[in-house]
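Asks: Submitted below is the structure of interest, expressed as structure tokens.
The values are calculated or read from the model by the stated rules, or taken from the named source; none is laboratory data. Note that the structure is predicted; figures quoted are calculated from it, not measured. Positions of Cβ are backbone-derived with ideal geometry, glycine not excepted, and every protein chain shown enters the neighbour counts. Remember, those area values only see protein heavy atoms, side chains included, never the ligands or the DNA or RNA. Shrake-Rupley method; radii C 1.70, N 1.55, O 1.52, S 1.80 Å.
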Amino acid sequence: MKLRRTILGLALAATALGFGTGAIAQGNYKAEYKVSLVLGPPTPWGMAGQIWMDLVKERTQGRINMKLYPGTSLVQGDQTREFSALRQGVIDMAVGSTINWSPQIKELNLFSLPFLMPDYAAIDALTQGDVGKKIFETVDRAGAVPLAWGENGFRELTNSKKAIKTPEDLKGMKIRVVGSPLFSDTFNALGANPTQMSWADAQPALSSGAVDGQENPLFLFTVLKMHTVGQKFVTTWGYVADPLIFVVNKDVWNSWSKADQDIVRQAAIDAGKQEIAIARKGLTEADKPVLKEIAGMGVTVTNLSASERDTFVKATRPVYDKWKATIGADLVNAAEKAIAERKK
Ligand code: X2X
């Protein structure tokens, strides 16, 4: 009894001294916030998480401590389950690709429509404009708080067999694609033999030759030295690009003070900007140093001419039309309009 009174007395005294509110709010914070990513540092995607984490730590004076979990390890590498796990609270925060969350949010398939975005200005026209806002509303409705955009990048085709210039060259080729039916449709339309697997499974499949090729941004080729697993041919066709989205689980978000929410949001925006610059480095300069670097690894780099590219556009058009209906014609029309009107 006496002890209880003493504790109560101490608590009252602490409140009177002004320790109260801070201590209570702080008490709701977790010691560590789990951040899911597919790719860790030193890839641009990993840097997105790293920069975000460091900015948040500094600006909240350590109140919010994030820890990166690359390899989608919180869902045993199954990247298509990342968004569900985030919504359920198995994951607190994430920097995720639109591709991996498209099974739960059909609008995110927009960015995977073949040949929708011809250049970087087209990506920006979508993410930085009204289309981006609409997509964030759908992410919010799907159960997470979207904060900012980042970028994985234009996904180029690599393989171990031959230089690809026409859909004919792809015939029967075993291509690893992400776990998304839109990607299977696209590669089937081109006559290839697509096989869906997670990134965790893709790496051994490339090494063993179980698959002939894959598609991913070129920084992944250089970081992983994909020529050492037999990938000797690269075709730059820029058929799709996947943005990244910085998100927070809703309960986690609501447990933070308004001031900390603002800090986490602004840090995500700042990290996204920095990361997009990192992701584009070496690819937006006229002489494209990344392509030179890859050619220097003994890899044959094929750059499609406009008319060569056009045969791929035509071959995949039925897939585009089919998926336009699934994604929502209004959203796709708005995207087409934003791209047509983009500043180059
Ligand atoms: O699995 C892939 O290809 C990757 C790493 O690019 C994504 O997570 C979408």
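Asks: Against the condition open to solvent by 40 Å² or more (accessible area, probe 1.4 Å) and within 16 Å of the ligand (Cβ to nearest atom), how does ALA286 come out, does it pass? Don't jump to the end; show me each part of the working.
Replies: Details: open to solvent by 40 Å² or more (accessible area, probe 1.4 Å): yes; within 16 Å of the ligand (Cβ to nearest atom): no.
Spelling it out, it is not the case that ALA286 is open to solvent by 40 Å² or more (accessible area, probe 1.4 Å) and within 16 Å of the ligand (Cβ to nearest atom).
Asks: Just checking, which of SER97, SER102 is of a type outside the set (A, V, I, L, M, F, W, C), more than 20 Å from ALA268 (Cβ to Cβ) and surrounded by 23 or more Cβ atoms within 10 Å (Cβ to Cβ)?
Replies: The match here is SER102.
Asks: If I filter the stretch 211-220 for residues that are open to solvent by less than 10 Å² (accessible area, probe 1.4 Å), among the β-branched types (Val, Ile, Thr), within 16 Å of the ligand (Cβ to nearest atom) and in contact with a helix residue (DSSP H, G or I) (Cβ under 7 Å, 6 or more places away or on another chain), do I get at least one hit?
Replies: Yes: the stretch 211-220 contains one or more residues that are open to solvent by less than 10 Å² (accessible area, probe 1.4 Å), among the β-branched types (Val, Ile, Thr), within 16 Å of the ligand (Cβ to nearest atom) and in contact with a helix residue (DSSP H, G or I) (Cβ under 7 Å, 6 or more places away or on another chain).
Asks: Of these, ALA277, ALA267, which one is in a helix (DSSP H, G or I) and in contact (Cβ under 8 Å) with a residue 24 or more places away in the chain?
Replies: Of ALA277, ALA267, the one residue that is in a helix (DSSP H, G or I) and in contact (Cβ under 8 Å) with a residue 24 or more places away in the chain is ALA267.
Asks: Same structure, new question: Just the residues that are within 16 Å of the ligand (Cβ to nearest atom), closer than 30 Å to LYS30 by Cα and not in a helix (DSSP H, G or I), please, taken from the stretch 87-136.
Replies: Result: ILE91, ALA94, VAL95, GLY96, SER97, SER102, PRO103, GLN104, ILE105.
Asks: Still on this structure: May I ask you to say which residue of SER208, SER184 is over 23 Å from GLY96 (Cα atoms) and either within 11 Å of the ligand (Cβ to nearest atom) or among the hydroxyl-bearing types (Ser, Thr, Tyr) (or both)? Step through it out loud before you land on a result.
Replies: Details: SER184 fails: over 23 Å from GLY96 (Cα atoms).
Just a single option satisfies the conditions, and that option is SER208.
Asks: Just checking, how many residues over the stretch 289-316 are in contact (Cβ under 8 Å) with a residue 60 or more places away in the chain and either touching a Leu at 6+ places or on another chain (Cβ under 8 Å) or open to solvent by 70 Å² or more (accessible area, probe 1.4 Å) (or both)?
Replies: 9
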